[in-house]
Amino acid sequence: MAERALLIRLGALGDTLQASSVAALLKKGDPRTEVDFLATAGLEDLFRMIPSVRRGYGLPFRRIPFRGHPWWRAMADRLNEAGYTLAYLMETNRRFLPLLEGVRADRKVTLTEHGRGDAYPSDVPNPVRYQRALWDAGLAPREIVPPEMVVGEEEERRAAGLLESLGLDPEAPLVGIHAGNSYQARQVWRRKLGRTDLRSWPEARWGELVARFHEANDQIRFVLFGGPRDRRANARIAEDLRRTVPAVSLASTAGRTDLALAAALLKRLSLFVSTDTGPLHMAAALRVPFVGLYGPTRFEETQPFTAGPVGAVLRRSLPCQPCYGTPNQRRCRNNVCMQRIEAGEVVAKALELNPALFAC
């Protein structure tokens, strides 16, 4: 009998996308396998673009609800109707165990159970870590499968329409820029706490990068990505560029897209440049050439994971890296790891990845 599996991973967009590679691995072992996914609320639409996942559920709580909570009772009843043969919790913190305990399944696996010891060093990419646990449990073939996404025709038409409405030629070479990140999104609280936007590249550097691309090929059009909270930063970048490089053609889509539309826009790009963000992982899954700018995060674990050379990550190797999740992160007031990445390096890497982008 084919497996019917429930995967559980509660994280941000990039975390969830990397964990979804497990569904592809299970399907590779047996194409008849049906896979559902319990994720953070707001990401349900992501799974409509992941062919190996049948259905996505969202957990609308930052903390795990107690077993008697009405929402959890209703969700558990709904999940248990599926009759899962496998439930896999891809979390290492034991506070998530009640989620697994509340679901009936013939076999239950946790990352904590299989993800420790010398066989799992800290530099293992997260998708590999997630998949190895199923290898060890004898539930999946010993292969490594990257995350995958597909974009539908309707979303592609929506993306073309949005570009046209913004005055950008959908058929021109397009470069996507994602200047914001989750640290900047919380900038008000970070400013009050005296904290640096650790994953941020200096704002002026983005303008310099666009100017260099424009100088190399003035036919390139630029799309500034982001959510509603990135509108101000995008507006500042655009305003500076229109003053210093008036001929540049660019527009911001910050706050104007859903996940499906953002994916369709990414699919049309010749190149995507971003800090450590969820859309960077989407670009990798869509096999869009990308340049990722990494600083404090655990690079070996969280970098975009692809099959074959699709993109590249630029970073500095400093003694304090990676500081994410350590006391150094809380003490950091000057993210030199990001500041030392130069715009010229990004352009050089882009030329290496997609030489046709600079063809006049």
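Read the figures in this text as sums done on the coordinates, not as results from a lab. From a predicted model like this one, the values you see are computed outputs, not experimental measurements. Using ideal geometry, Cβ is built from the backbone for each residue, glycine included, and neighbour counts are taken over all protein chains shown.
What percent do you get for the relative contact order of the range 206-258 when only Cα pairs under 8 Å and 6+ apart count?
Values: 57 pairs, mean separation 25.2, N = 53.
Relative contact order of the range 206-258: 47 percent.
How large is the direction-averaged shadow of the alpha-carbon convex hull of the range 48-114, in nm²?
Numbers: hull surface 20.7 nm².
So the mean shadow area of the Cα hull is 5.2 nm².
In µm²/s, what is D for the range 290-360 at 4 °C and 1.567 mPa s, where D = kT/(6 pi eta Rh) by Stokes-Einstein and Rh is the Kirkwood radius from Cα pairs?
For the chosen part, D equals 95 µm²/s.
How are the alpha carbon pair distances in the chain distributed across 20 Å bins from zero to the largest one, expressed in percent?
28, 56, 15, 0
What is the Rg over Rh value, at two decimals, for the range 4-136, using alpha-carbon atoms and the Kirkwood definition of Rh? Display every interim value, and only then the final one.
Values: Rg = 14.0 Å, Rh = 14.9 Å.
Taking Rg over the Kirkwood Rh, I get 0.93.
For the residue pair residue 45 and residue 153, what label-to-label distance in nm results when each label sits 7 Å from Cα along the Cα-to-beta-carbon direction?
2.1
Can you put 200, 274 in order of Cβ neighbours within 10 angstrom, beginning with the fewest? Please list the in-between numbers first.
Numbers: 200 22, 274 26.
With the sparsest Cβ surroundings first, the list reads 200, 274.
Express in nm, to one decimal, how much length is gained between residue 78 and residue 339 on full extension, taking 0.36 nm for each residue of separation and deducting their alpha carbon distance. Write down the numbers at each step before the final one.
On the way: separation 261, 0.36 × 261 = 93.96 nm, distance 4.86 nm.
That pair, residue 78 and residue 339, stretches by 89.1 nm at full extension.
How do 73, 63 rank when sorted from fewest to most other Cβ atoms within 10 Å of their own Cβ? Walk me through the intermediate numbers first.
Numbers: 73 13, 63 7.
Starting with the residue having the fewest Cβ neighbours, the order is 63, 73.
Please compute the modelled spin-label separation between residue 172 and residue 12, points set 7 Å along Cα→Cβ, answer in nm with one decimal.
So the label points at residue 12 and residue 172 sit 3.1 nm apart.
So if I restrict to the alpha-carbon atoms in the range 37-77, what is the Rg, and what is Dmax, the biggest pairwise distance, in Å?
Over the range 37-77's Cα set, Rg and Dmax evaluate to 11.4, 34 Å.
How big is the range 321-360 on each of its three principal axes, counting only the C-alpha atoms and giving the largest first in Å?
Its Cα atoms span 48, 16, 10 Å along the three principal axes.
Could you estimate the translational diffusion coefficient of the range 154-358 from the Stokes-Einstein equation, with Rh from the Kirkwood formula over C-alpha pairs, at 37 °C and 0.692 mPa s, in whole µm²/s?
190
Based only on other Cβ atoms within 10 Å, what is the fewest-to-most ordering of 282, 75, 338?
Listing 282, 75, 338 from fewest to most nearby Cβ atoms yields 75, 338, 282.
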